[in-house]
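The values are calculated or read from the model by the stated rules, or taken from the named source; none is laboratory data. Just so we're clear, the structure is a prediction, and the values are computed from it rather than from any experiment. Cβ atoms come from the backbone with ideal geometry, glycine included; neighbour counts cover every protein chain shown. Heavy atoms of the whole protein, side chains included, go into the accessibility calculation; ligands, DNA and RNA do not. Shrake-Rupley method; radii C 1.70, N 1.55, O 1.52, S 1.80 Å.
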Amino acid sequence: MEALVCRELGDPTVSVEDKSSPTIVSKNHPIPQLNSPTSVRVRVKATSLNFANYLQVMGKYQEKPPLPFIPGSDFSGYVDAVGPKVSNFRVGDPVCSFAALGSFAEFIVVDETQLFQVPEGCDLVAAGALAVASGTSHVALVHRAQLKPGQVLLVLGAAGGVGLAAVQIGKACGAIVIAVARGAEKVQLLKSLGVDHVVDLTSENVIPSVKEFLKTRKLKGVDVLYDPVGGKLTKESLKLLNWGANILIIGFASGEVPVIPVNISLVKNWTVHGLYWGSYRIHRPAVLDDSLKELLSWLAKGLISIHISHTYRLSEANLAFTAIRDRKAIGKVMIVFDEKSTRSKL
């Protein structure tokens with residue numbers, strides 16, 4: 001089978017044809033075999049590229065698998081083979097899931113308890129982008145912050161994969177959503193999703209823009225801060241929070257880990273949530289299962305959508321990583337098998 005193999009740590013934006021590339025596209029990698037009576041082999045249709053995948057190949061992620069490894073986490077496809085005790089899936093079923101590693105390949109094997117049936121009406125490629133980005137945002141907003149109708153949600157990095165998911169989940173929960181992004185194209189997309197107010201960082205500062213919106217709507221402040229960015233933007237956003245606000249720490253795309261003053265957190269009764277979504281599979285797997293089932297239901301009903309910015313073939317993985325690194329993506333970057341790649345005109 002075809003698979004992207006990380007043979008050493010390094011910059012994944014280097015072409016796989018370059019000898020200095022840390023990754024190679026293996027054309028004859030062994031097809032994984034069923035390894036238990038309840039295992040299922042999936043022929044991958046689409047797999048999503050996340051910022052975590054980029055960091056992992058760079059050797060900068062918190063989990064460092066032994067070399068060599070096949071990167072990749074969330075995916076969708078069709079059941080190719082099933083173990084003798086598999087009861088919930090048949091060959092040919094459309095499914096999606098996520099794994100710690102291994103989805104940047106034509107086939108992947110997982111246990112049936114980790115697979116989800118893709119409902120009728122769901123686009124299979126979109127389902128391959130659902131688990132990590134939308135799952136992170138859903139667990140953060142619904143399970144941790146317990147976002148309620150009428151609350152004010154501020155989403156930083158709102159045009160990225162997790163940001164767009166957070167915006168849509170916020171609207172589905174009935175929240176008043178403020179989105180922060182950079183650039184006219186991203187602002188236009190966010191407005192089309194029904195965001196109540198968008199701050200364009202190319203021409204506006206967060207604090208005065210949000211304060212003016214809150215004043216116009218006669219609102220006191222922000223109830224939930226969703227932060228995958230970190231850095232200076234976090235520090236500024238803290239000045240907008242209500243008493244009793246929830247702060248969701250999702251990541252540090254800016255490259256700078258912010259300092260949240262605990263004395264102010266005490267006085268204002270803020271709750272700071274660190275969210276490492278992947279660890280829920282170990283510690284609270286039922287939360288992930290319920291979350292993804294609800295997200296698939298919402299996707300089928302049209303309550304949320306997956307905006308795919310770029311799609312590539314596996315041989316173009318370096319271009320996919322470049323789109324992630326350079327923040328060219330508006331939404332998700334996908335690797336799709338058996339289809340010609342298309343790129344957005346960014």
Any chance Arg281 is open to solvent by 30 Å² or more (accessible area, probe 1.4 Å) and under 21 Å from Val195 (Cβ atoms):
no
In this structure, is Glu316 closer than 19 Å to Ser15 by Cα and part of a helix (DSSP H, G or I)?
yes
Name, by its number, the condition in (1) assigned to a strand (DSSP E or B); (2) of a type in the set (Gly, Ala, Ser); (3) within 15 Å of Leu154 (Cβ to Cβ) that does not hold for Ser309.
(3)
When both residues are 6+ apart or on different chains and their Cβ atoms are under 6 Å apart, which pairs have a first residue that lies in region 325-338 and is on the phi > 0 side of the Ramachandran plot, and a second that is in a loop (DSSP other than H, G, I, E, B)?
Gly331/His307
Within region 233-268, how many residues turn out to be within 18 Å of Leu153 (Cβ to Cβ) and open to solvent by 70 Å² or more (accessible area, probe 1.4 Å)?
3
Got a sec? Which of Ser97, Ser76, Ser103 is in contact with a Ser or Thr (Cβ under 6 Å, 6 or more places away or on another chain), under 24 Å from His307 (Cα atoms), without any contact (Cβ under 8 Å) to a residue 60 or more places away in the chain and not hydrophobic (A, V, I, L, M, F, W, C)?
Ser103
Scanning for something more than 18 Å from the chain's Cα centre (by Cα) and buried (at least 19 other Cβ atoms within 10 Å of the Cβ), does region 162-173 turn up at least one residue?
yes
From the options Val187, Val142, residue that is open to solvent by 10 Å² or more (accessible area, probe 1.4 Å), within 30 Å of Val44 (Cβ to Cβ) and of a type outside the set (Gly, Ala, Ser):
Val142
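This table checks each residue for (1) in a loop (DSSP other than H, G, I, E, B); (2) over 22 Å from Ala133 (Cβ atoms).
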{"residue": "Thr202", "(1), (2)": "yes, yes"}
{"residue": "Ile207", "(1), (2)": "no, yes"}
{"residue": "Val210", "(1), (2)": "no, yes"}
{"residue": "Leu225", "(1), (2)": "no, no"}
Just to be sure before I move on: is Ile335 of a type in the set (Val, Ile, Thr), closer than 28 Å to Val44 by Cα and not in a helix (DSSP H, G or I) in the structure I sent?
yes
Checking the structure you have, find out if any residue of region 250-263 is in a helix (DSSP H, G or I) and under 27 Å from Arg325 (Cβ atoms).
no
Can you name every residue in region 9-23 that is open to solvent by 60 Å² or more (accessible area, probe 1.4 Å) and at pLDDT below 95?
Glu17, Asp18, Lys19, Ser20
